[in-house]
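K.L.:
This is the structure, below, for whatever I ask next.
The values are calculated or read from the model by the stated rules, or taken from the named source; none is laboratory data. Note that the structure is a prediction, hence the values are computed from the model and not measured. All Cβ positions, glycine included, derive from the backbone under ideal geometry; neighbour counts span all protein chains shown. In case anyone asks, the SASA skips ligands and DNA or RNA and just uses the protein heavy atoms, side chains included. Shrake-Rupley method; radii C 1.70, N 1.55, O 1.52, S 1.80 Å.
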Amino acid sequence: RKMQKVIAIDGPSASGKGTVAARVAAELGWAYLDSGALYRLTALFAQRQHIDWNDETAVAQCAGCLPVVFDGGRVLLDGEDVAQAIRTEAVGMGASAIAALPKVRAALLQRQRDFLTEQGLVADGRDMGSVVFPQAACKIFLTASAQIRAERRAKQIGIACEGVAFERILSDIMARDEADRRRSVAPLQQLPDAHLLDTSHRTIDEAVRQVLDWYREDCAVLCK
Ligand code: CDP
Ligand code: CDP
């Protein structure tokens, strides 16, 4: 049975998933799950416990007992606000490394499903439509060209869209996407039942409106 009040948004790094998903959730009055934040928090927490990112059992234990509280815009890990600290590309790479470990993914599965409320949920990540919410009423594969995604990241952190630092962002993004697509467990992929939304030349407003339109269409089909 389909979950009528779940929208799953998957896609590569910096495609706009978080921004679009949070806006769609606000429009509908639904909850929002940033699943990538849980992988980033696990990587950071393990690092702070001096646990090697390759130690599957120990990292999975970290994932299973993450002392995290989401409080508005704040992300409290053991009481410390790490909302900024988890956004670095180094932590993103760590997240991608530990996300390839099956025990870590298993440890985070129920925690992600617990974000679903009666109101509904918009969830973003890599495997929202394939593993966490395969019954989602509406699935979106959100993407944009690597160049444009790197430009968006550069703007977010306040650096120029050319030069050595920019080239580094571009190559980091491409390397992480490649790793996320090639891993054997829950790889990043466009599912046959997902709508493809390329935001390379779309504004955030246009992307939000498109997701809401597809959701209404998918619901109309479900309710027939
Ligand atoms: O969550 P994800 O890594 O996929 O991306 P994001 O952090 O939501 O978006 C990356 C940046 O791209 C943000 O600064 C957005 O405001 C921007 N963006 C944009 O300029 N145009 C879009 N159509 C979508 C996102
Ligand atoms: O913001 P950005 O799109 O760059 O990354 P994110 O969504 O915060 O995810 C960070 C990393 O966590 C990704 O590169 C994936 O390897 C992993 N991840 C995952 O495997 N499954 C998810 N549902 C979400 C994130």
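K.L.:
Give a quick list of GluC sites (Glu not before Pro) in segment 87-159 that DSSP marks as loop, anything other than H, G, I, E or B, with at most 11 other Cβ atoms within 10 Å.
P.N.:
Here the sparse-neighbourhood loop sites are 118.
K.L.:
Using helices alone, what [θ] at 222 nm do you get for the chain, with -39,500 (n - 2.57) per DSSP H run of 4 or more residues, divided over all residues and rounded to the nearest 500?
P.N.:
-15500 deg cm²/dmol
K.L.:
What is the packing order of peptides 71-82, 121-132, taking the mean over residues of other C-beta atoms within 10 Å and listing the highest first?
P.N.:
121-132, 71-82
K.L.:
Filter 103/139; 2/155; 139/224; 17/155 down to the pairs with a C-alpha to C-alpha distance above 28 Å, please.
P.N.:
2/155
K.L.:
Would you mind pulling out the separation of the Cα centroids of segment 165-224 and segment 99-148, in Å?
P.N.:
11 Å
K.L.:
With +1 assigned to the C-beta of every Lys and Arg and -1 to the C-beta of every Asp and Glu, and no other charges, what is the dipole magnitude of segment 138-224 about the Cα centre in debye, to the nearest 20?
P.N.:
200 debye
K.L.:
Which Cα, out of 204, 131, 70, lies furthest along the positive dipole direction of the chain (beta carbon charges, K/R +1, D/E -1)?
P.N.:
131
K.L.:
Which shape class, rounded, prolate or oblate, goes with the chain when its Cα gyration tensor gives a ≥ b ≥ c as root eigenvalues, a/c under 1.5 marks rounded, and past that a/b bigger than b/c marks prolate?
P.N.:
Since a/c reaches 1.5 but b/c is at least a/b, the shape of the chain is classed as oblate.
K.L.:
Using a probe of 1.4 angstrom, how much of the accessible area of segment 33-119 is carbon and sulfur, in percent?
P.N.:
So the carbon and sulfur contribution to the accessible surface is 51 percent.
K.L.:
By per-residue mean of other Cβ atoms within 10 Å, what is the highest-first order of 53-66, 35-48, 191-204?
P.N.:
35-48, 53-66, 191-204
K.L.:
Over segment 120-224, how many percent of alpha carbon pairs lie in each 5 Å bin up to the one with the longest distance?
P.N.:
2, 11, 18, 20, 18, 15, 9, 4, 2, 1, 0
K.L.:
Can you find, among 148, 166, 215, the residue sitting farthest towards the positive end of the charge dipole of the chain, where Lys and Arg contribute +1 and Asp and Glu -1 at Cβ?
P.N.:
With unit charges placed on the Cβ atoms, the residue in question is 215.
K.L.:
Still on this structure, please answer the following. On the Cα set of segment 168-224, report Rg and Dmax in Å, please.
P.N.:
Taking only Cα atoms of segment 168-224, I get Rg and Dmax of 15.5, 50 Å.
K.L.:
Moving on. Taking the Cα centre of the chain as origin, sum charge times position over the Cβ atoms of Lys and Arg (+1) and Asp and Glu (-1), and report the length of that vector in debye to the nearest 20.
P.N.:
Using Cβ point charges on Lys, Arg, Asp and Glu, the chain gives about 400 debye.
K.L.:
Accessible area per residue of the chain at 1.4 Å probe, in Å²?
P.N.:
It amounts to 49 Å² per residue over the chain.
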